[in-house]
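The structure under discussion appears below in the form of C-alpha cells.
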Amino acid sequence: MTNGMKRVTEVVGRLARAVTKSRGKARETAIVPKDSIAGPALVSVIAILTFLASLTVGAVTMVVAAASQWQSDVTREVTIQVRLVAGRDVEANVQRAVEIARATPGVTAVRPFGKEESARLLEPWLGSGVSLDSLPVPRLIVVQVAPDQPPDFAALRDTLASEVAGASLDDHRSFAQRLRSMADVAILGGLAILALVLAATVLSVSFATRGAMASNRSTVEVLHLIGARDGYIAGEFQRHFLLLGLKGGTIGGGAALAVFALFGLLSGHLIGRSGGDDVTAMFGGLSLGVGGYLAVIFQVIVIAAVTALASRQVVQTTLRAVS
C-alpha cells in the first residue's frame, strides 16, 4: 500500500471514529479540533477587540444622550439681558422686560435674577465678595418656553428692542448647534473605531482560518476527494469560528458592561461632593442606559457573525483553489 493510500485510510478512519463517537455524545467537529492552540488565542483577540469597541459604543451613547439632554434643556429656556444704560432706571427696565416676556404666547415662566444671584454667577471668574455696583454687569432674566409651542422669538426680540433700552434676547441657538455638532462628531468617531475593530476582527479570523486549514489540510483534501460538498466543509469551519466569536465577544462585552456598571455605582457616590455634581450634569451620572446595554449586546452578535462569515469566505476561497 502506498503512502498516499495509507494517509487516506488514516484520515477516513479518524472521521469514521469521530462520527461513531458523536452518536452517543454531543456532536464535535472533526475537521477543526477544539483544542487547537489557535482557538484560545483567537478568543483572546476577539475579547480584547470587543471590549474596546464596547467601551467606544458606551462612551458614544453617553455623550449623545448627554448632548441630547443639554440641547433639550437649552431649547426650553431663553435669556433676556438688560444692560445698564445711562439715564435709565435698570430696575424699571427689568420689570418692563419681565412684563413683555410674560405676555408673550408660548412663555411658561419668567424669573429675573437679582444682584446677589448675578454675583454668584460671576464668582468662578471674579471671586467672592466682589461688589457689582461699579461694574456694568447686565441683569439676566430666564424665560422658560413650551417646547411644543415655542414663542415667536423674532417678534419678542423686536418688542424688547423697541420698548426696553439695552434689552436683548439670546435664544441659545448657536450653543444648541454646537451641541448637535459635537454629538455628530462623537457618532462619526465611534463608527470609525467600530469599522477598524471589525476590520481587525476579519483579519484575525482570516489568519486563524488559514492556519486551521493548513493544519488540517489532509483532512480537508480527503473530504473534498471523497465527494464532500464545499458547503459542508465551510459550514464546519463557520460553526467552529462562530462559537469562538460568541465566546470572545461575550467575554469582552461582559467586561465592558461590568466597567460601565462600576462607573454607574461610583457616580452615585460623587453626587453632592466637590466636582461630583458637575460630572453628573455633564455625563448624566455615567449611566449607560437600556439603549447602551442593548447596543453592546448587538455588537457582540455582530462580531460573532463577522467572525463566522469571514472564516466561511476564507474556506470557500481555499477550496476553490484546491479544486
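The values are calculated or read from the model by the stated rules, or taken from the named source; none is laboratory data. It should be emphasised that the depicted structure is a prediction, and the values quoted were computed from it without experimental measurement. A quick note on method: Cβ atoms are made from the backbone with ideal geometry, for glycine too, and the neighbour counts reach across all protein chains shown.
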- Message: I need a count of the residues in segment 54-109 that are within 30 Å of LEU194 (Cβ to Cβ) and without any contact (Cβ under 8 Å) to a residue 12 or more places away in the chain.
- Response: 1
- Taking ALA183 as the residue in question, decide whether it is in the same structural domain as THR50 (by TED's automatic domain parsing), under 30 Å from ILE80 (Cα atoms) and surrounded by 17 or more Cβ atoms within 10 Å (Cβ to Cβ). yes
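Yes/no per residue for (1) of a type outside the set (A, V, I, L, M, F, W, C); (2) free of Cβ contacts under 8 Å to residues at least 60 places away in the same chain; (3) not in a helix (DSSP H, G or I):
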| residue | (1), (2), (3) |
| --- | --- |
| ALA165 | no, no, yes |
| ARG180 | yes, no, no |
| VAL185 | no, yes, no |
| ALA192 | no, yes, no |
| LEU196 | no, yes, no |
| SER204 | yes, no, no |
| ALA214 | no, yes, no |
| LEU223 | no, no, no |
| ALA234 | no, no, no |
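Determine if segment 234-241 includes at least one residue that is closer than 21 Å to LEU294 by Cα, in contact with a helix residue (DSSP H, G or I) (Cβ under 9 Å, 6 or more places away or on another chain) and crowded, with 18+ Cβ neighbours inside 10 Å.
Here is the first cut: in segment 234-241, the ones closer than 21 Å to LEU294 by Cα are none.
Checking segment 234-241: not a single residue is closer than 21 Å to LEU294 by Cα, in contact with a helix residue (DSSP H, G or I) (Cβ under 9 Å, 6 or more places away or on another chain) and crowded, with 18+ Cβ neighbours inside 10 Å.
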- Item | Residue under evaluation TYR232, criteria (1) modelled with pLDDT of 75 or more; (2) under 29 Å from THR56 (Cβ atoms), criterion not met | (2)
- Task: Kindly indicate whether any position in segment 247-259 is under 28 Å from ALA59 (Cβ atoms), crowded, with 17+ Cβ neighbours inside 10 Å and at pLDDT below 75.
- Result: no
- Give VAL78, VAL43, VAL82, VAL64 a once-over and let me know the one that is buried (at least 17 other Cβ atoms within 10 Å of the Cβ), aliphatic (A, V, I, L, M) and touching a Ser or Thr at 6+ places or on another chain (Cβ under 9 Å). VAL82
- Message: Quick test of your reading of the structure: ALA67 fulfils all but one of (1) touching a Pro at 6+ places or on another chain (Cβ under 9 Å); (2) under 30 Å from GLY289 (Cα atoms). Name the failing condition by number.
- Response: (1)
- Message: over 17 Å from LEU169 (Cα atoms), assigned by TED's automatic domain parsing to the domain that holds LEU188 and either modelled with pLDDT of 85 or more or assigned to a helix (DSSP H, G or I) (or both): which single residue out of VAL12, VAL19, VAL63 fits that description?
- Response: VAL63
- Can you tell me which residues in segment 81-107 are within 30 Å of ASP184 (Cβ to Cβ) and not in a loop (DSSP other than H, G, I, E, B)? GLN81
- In this structure, is ALA176 at pLDDT 85 or above and either in the same structural domain as ALA41 (by TED's automatic domain parsing) or closer than 24 Å to PRO147 by Cβ (or both)? no
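Looking at segment 126-154, which of its residues are at pLDDT 70 or above and over 23 Å from ARG76 (Cα atoms)?
Keep residues of segment 126-154 that are at pLDDT 70 or above, which gives 135-154.
LEU135, PRO136, VAL137 - these are the residues of segment 126-154 that are at pLDDT 70 or above and over 23 Å from ARG76 (Cα atoms).
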